[in-house]
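Input: a single structure, listed below in structure tokens.
The values are calculated or read from the model by the stated rules, or taken from the named source; none is laboratory data. Quantities reported herein were computed from a predicted structural model and do not represent experimental measurements. FYI the Cβ positions are ideal-geometry reconstructions off the backbone, even for glycines, and counts take in every protein chain you see. Note: accessible area is taken over every heavy atom of the protein model, side chains too, but ligands, DNA and RNA are not part of it. Shrake-Rupley method; radii C 1.70, N 1.55, O 1.52, S 1.80 Å.
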Amino acid sequence: MLSSHGLAAGTSSRGSGRTPAAAFRYARLCSARTQSRSSRSVAAAVAAERLDAQVCVVLGTQWGDEGKGKLVDILAQQYDIVARAQGGANAGHTIYDDAGNKYALHLVPSGILNRDSTCVIGNGVVLHLPGLFEEIENLKKKGVSVEGRLKISDRAHLLFDLHKEIDGLREAELAGAGKQIGTTKRGIGPAYSSKATRNGLRVCDLHKLDSFADKLRKLSMDGEKRFGPGFQYDVDEDIEKYQELAKKVLPYVTDTVEYLHTAYDTGKRILIEGANATMLDVDFGTYPYVTSSNPSIGGIATGLGLPPTKYDAVVGVVKAYTTRVGAGPYPTEIFGDLAERLREIGHEYGTTTGRPRRIGWMDVVALRYSCKINGLTHLNITKLDVLSELEEIKIGVAYKTPDGRMLRSVPADLETLENVEVVYESIPGWKSDISGVRDWKDMPQAAKDYVQRIEDLIGIHCKWIGVGPGRDALVVKPAKGKC
């Protein structure tokens, strides 16, 4: 059984003025600060272990926030190009440089810290230009320049403030009926709706500002007709704003399909960064509580124009437990004090919205489903350190329906999913701080057993194990039989 608070007695904060969770975080911070310089050489060694893949895709396997950005940042050190294929500023990727500086990225690919790589925003991304340039300016303030290193697809669709306005109005309507989705209200869904109804504007439209203005006015009229006086959007002000934004963005714009294929043909190495995650996929996720694009492998092909026959590795990033933001079914969800403690230890608050994330146990049913859809070749388990002080850790291995049927996959029908009973396996915890571990042989045996059990259940090598937020906080696990 789990202890009442899920933390070891040794983390008591008596006399310190800290809560148990805060004390544990403080201990981890102190541990990180006292790491020797060799930790950076460990990070360098991990990055130097060249992945045998000219094209590597990194995807989220759960409900997002798995830590994809960190792996992309590390692998980017050995890739020439890092590309985003779908989503928009609803994605939030947090990465750290060697000095511990934090970067919160939403549109710029996580490879931007590798000064030798070129970053590509593909045609499948919906792009809010004011937000992009705010992000670029924030990077510049921290000494990171994108000049000559960022390319934007001329086919990418533009996301306007009117899309954000519609997103909020639509969510308010759904809330009135008790059916709100819990979107980020960043306008992502409405922007993809404009794309699907074929009245959206693309980056290439910025070359012809007269027709651009006419198209934007027509798009605005759609919002006015749909929502009436509640639709608050000054189209003329936005048209004027985009006169200047066009001048700023067009130097970055190119035919990214041609660029990527030419790069591939000349031997360049390409790393593709997924946004959101498979369980939020508009086709495969818990619809309608999903995002508005395809964060699974199909969205990579359509979002970049680079076919699957060129993918040599597809890496799935999976948190050692699960989290979810917003509404929707969540079979392995944890409630009460334990959920709150893990939320605090793992700092489980949205990079994009700041909203507290829901917390759950590892869901192997959902993970296996994601692995099948995406054809994963490797797994990266992240935030294993967050579970370090638990007496017992659970893994959801099957779903059981009220009539006794056992489900080994995720059902499409939400009512079925909401009413399943999760079948769990229990794994003993290791009850020790692993945030300083950098070699698999130094990992506590119980932690090894937990990782190996996931690998055995899924049948895919868990190659990378994250034990903290920093670049160096990564352990490479040997393939089974080499431990």
Dipole of the chain, Cα-centred, from +1 at each Lys and Arg C-beta and -1 at each Asp and Glu C-beta, to the nearest 20 debye? 980
Quick one: which of 155-162, 214-221, 360-367 comes out on top by average Cβ neighbours within 10 Å, and what's the full order, highest first? 360-367, 155-162, 214-221
Log10 I(q)/I(0) at q = 0.25, 0.26 Å⁻¹ for the stretch 285-324, from Debye over equal alpha-carbon scatterers, is -0.98, -1.00
Counting DSSP beta bridges in the chain, what percent are antiparallel, to the nearest 5? 40
Here are some pairs, LYS68/LYS164; LYS441/LYS480; LYS195/LYS215; LYS383/LYS463; which of them have Cα atoms lying more than 18 Å apart in this structure? LYS68/LYS164
Whole-percent carbon and sulfur share, accessible surface of the stretch 295-352, 1.4 Å: 53
FRET efficiency (ASP449, TYR349; Cβ distance; R0 22 Å; to 0.05) is 0.15
Percent RCO, i.e. relative contact order, over the chain, from Cα pairs under 8 Å lying at least 6 residues apart: 20
Sites GLN232 and TYR424, calculated FRET efficiency, Cβ-Cβ separation with R0 35 Å, nearest 0.05: 0.10
For HIS207 and THR302, what does the FRET efficiency come to when R0 = 35 Å and r is the distance between their Cβ atoms, rounded to the nearest 0.05? 0.90
Per the charge dipole of the chain (beta-carbon charges, Lys/Arg positive, Asp/Glu negative, Cα centre), the residue among ILE112, GLY305, TRP430 reaching farthest to the positive end is TRP430
Spacing of the two label points (7 Å from each Cα toward its C-beta) at GLU147 and GLU258, in nm: 2.6
Along the three principal axes, how long is the stretch 237-330 when you take its alpha carbons, biggest first, rounded to the nearest angstrom? 45, 45, 23
Principal axis extents for the stretch 157-250, Cα atoms only, whole Å, descending order, please. 43, 22, 21
Here Rg/Rh (Cα, Kirkwood) for the chain equals 0.97
Quick check: pseudo-label points 7 Å beyond the Cα along Cα→Cβ at ASP439 and GLU224, how many nm apart are they? 7.0
Using Cα atoms only, what is the angle between the long axis of helix 20-33 and the major principal axis of the chain, expressed in degrees (0 to 90) to the nearest 10? 80
Taking Cα centroids, how far is the stretch 188-262 from the stretch 373-398 in Å? 41
Using a 1.4 angstrom probe, figure out how much accessible area the chain has per residue, in square angstrom, rounded to the nearest whole. 42
Taking a virtual spin label 7 Å from the Cα of GLU333 along the C-beta vector, which residues in the stretch 410-424 bring their backbone nitrogen under 12 Å of it? 418-419
The stretch 333-364 and the stretch 108-158: distance between their alpha carbon centers, rounded to Å: 29
The percentage of the accessible area of the stretch 157-250 (probe 1.4 Å, all protein chains present) made up of carbon and sulfur atoms, to the nearest whole number, is 50
Computed over the stretch 157-250, the relative contact order (Cα-Cα under 8 Å, seq sep at least six) in percent reads 31
Percent relative contact order for the stretch 289-358, counting Cα pairs under 8 Å at least six residues apart, stands at 27
